[in-house]
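Engineer: Input: one structure, supplied below.
The values are calculated or read from the model by the stated rules, or taken from the named source; none is laboratory data. Being a predicted model, the structure only gives us computed values, none of them experimental. Cβ: placed from backbone, ideal geometry, glycine included. Neighbour counts: every protein chain shown.
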Amino acid sequence: MRAATSRIPHVRLTPREAPPETAPPPPAAPRRHSGYGRLTRGAFWMLPLLAGALYYLNLPEEPAENSPPALNVSHRFTDCRATASRSLPSSRGISYQPHLVLDGKRSTGWSVENSRHGVGEWLEIRWPEERTVTRVGIVVGYDKYNTSRPDHPDMWTRNHRLKAATLVFSDGWRQRARFADIRAMQYVEIPSRRARWVRIRVEEVYLDIFGGMNRSWDDLTLSEIEVQGYR
């Protein structure tokens, strides 16, 4: 007798399904600060700097008399006096004395006349005590317009102008200098001489528009001279 067998129904097994993956949460948006907040924080950090700047700006100035004098700083000597070999006499209320080269006006000056158009004459600038001279400046002609002479009012070309000179210092040192025929202060650089005066001796001139032939205008005229240096 055949044993009875039970039939086991066929069941198809399927793998267990994994749970669906979940997407990560989106990153949090950065916190946005208002422009007012940034301005407030910037002002907070700037306050100490502004306070320090205001402190230094409001410091009282030291009195000028307490400041130490500048050493070896070249400047114009303002306490000079001038003498000359000779000068043209005053005419029509106009003076031509040597001190006029120190008055700061180019419409005045020292003037001299001789048979050699001023060659050989000299002008001396002296200061109170020995100082170091660094340069000498000269306006080499008469920088003036005379409107009362409509035929030729330019006194620059009516008079001779300095073309070459020898600068002689009180210590005996000499320096030759040449000048351009221009209406400007021209400087002669000096290698730091210790001196009490400088004498400017005329060596050569630019002739006036008459070529030195008009005896009424045969004058050499210098408008301004300045000496620079330090004590």
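Engineer: Of the residues Glu124, Glu65, Glu61, Glu113, which is surrounded by 13 or more Cβ atoms within 10 Å (Cβ to Cβ), of a type outside the set (S, T, N, Q) and modelled with pLDDT under 95?
Structural biologist: Just a single option satisfies the conditions, and that option is Glu113.
Engineer: Mind telling me which of the residues Val227, Val205 ends up being in contact (Cβ under 8 Å) with a residue 60 or more places away in the chain, within 14 Å of His117 (Cβ to Cβ) and not basic (Lys, Arg)?
Structural biologist: Answer to the selection: Val205.
Engineer: Arg193 fails exactly one of the following numbered conditions: (1) buried (at least 16 other Cβ atoms within 10 Å of the Cβ); (2) in contact (Cβ under 8 Å) with a residue 24 or more places away in the chain; (3) within 15 Å of Ile138 (Cβ to Cβ). What is the number of that condition?
Structural biologist: Looking at each condition in turn, Arg193 falls short on (3).
Engineer: What's the total number of residues in the stretch 139-167 that are free of Cβ contacts under 8 Å to residues at least 40 places away in the same chain and among the aliphatic types (A, V, I, L, M)?
Structural biologist: Of the residues in the stretch 139-167, the ones free of Cβ contacts under 8 Å to residues at least 40 places away in the same chain are 145-151, 153-154, 156, 165-167.
Filter once more, so that each one left must be among the aliphatic types (A, V, I, L, M): 165, 167.
Count: 2.
Engineer: Here is a follow-up. Taking Val136 as the residue in question, decide whether it is touching a Leu at 6+ places or on another chain (Cβ under 7 Å), part of a strand (DSSP E or B), modelled with pLDDT of 95 or more and farther than 21 Å from Asp103 by Cβ.
Structural biologist: Taking the combined requirement at face value, the residue does not satisfy it.
Engineer: When the residues of the stretch 145-159 are filtered to those that are in contact with an Asp or Glu (Cβ under 7 Å, 6 or more places away or on another chain) and closer than 15 Å to Asn214 by Cβ, which remaining residue is surrounded by the fewest Cβ atoms within 10 Å (Cβ to Cβ)? Spell out the reasoning first.
Structural biologist: So in the stretch 145-159, the residues in contact with an Asp or Glu (Cβ under 7 Å, 6 or more places away or on another chain) come out as 145, 156-159.
Subsequent filtering for residues that are closer than 15 Å to Asn214 by Cβ retains 157-159.
Values: Thr157: 17, Arg158: 22, Asn159: 27.
Looking at the filtered set, the residue picked out is Thr157.
Engineer: So, one more: Could you tell me whether the stretch 75-91 includes any residue that is farther than 21 Å from Val202 by Cα, surrounded by fewer than 17 Cβ atoms within 10 Å (Cβ to Cβ), modelled with pLDDT under 95 and not hydroxyl-bearing (Ser, Thr, Tyr)?
Structural biologist: No, the conditions are met nowhere in the stretch 75-91.
Engineer: Further question on the same structure: From the list Gly104, Gly118, which one is in contact with a His (Cβ under 8 Å, 6 or more places away or on another chain) and either of a type outside the set (D, E, K, R) or within 13 Å of Val140 (Cα to Cα) (or both)?
Structural biologist: Gly118
Engineer: Please specify each residue of the stretch 164-186 satisfying the condition of being outside any loop (DSSP other than H, G, I, E, B), under 27 Å from the mean Cα position of the chain (by Cα) and surrounded by 15 or more Cβ atoms within 10 Å (Cβ to Cβ).
Structural biologist: Answer for the stretch 164-186, where residues must be outside any loop (DSSP other than H, G, I, E, B), under 27 Å from the mean Cα position of the chain (by Cα) and surrounded by 15 or more Cβ atoms within 10 Å (Cβ to Cβ): Leu167, Gln175, Ala177, Gln186.
Engineer: For Ile200, state whether it is assigned to a strand (DSSP E or B) and touching a residue at least 24 places away in the same chain (Cβ under 8 Å).
Structural biologist: Answer is yes for this residue.
Engineer: Also, I was wondering about something else. Could you tell me whether any residue of the stretch 148-159 is of a type outside the set (Phe, Trp, Tyr), assigned to a strand (DSSP E or B), modelled with pLDDT of 90 or more and touching a Leu at 6+ places or on another chain (Cβ under 6 Å)? Working first, answer last.
Structural biologist: Residues of the stretch 148-159 of a type outside the set (Phe, Trp, Tyr): 148-155, 157-159.
Now narrow it down to the ones that are assigned to a strand (DSSP E or B): 154.
Now drop any that are not modelled with pLDDT of 90 or more, which leaves 154.
Subsequent filtering for residues that are touching a Leu at 6+ places or on another chain (Cβ under 6 Å) retains none.
No, the conditions are met nowhere in the stretch 148-159.
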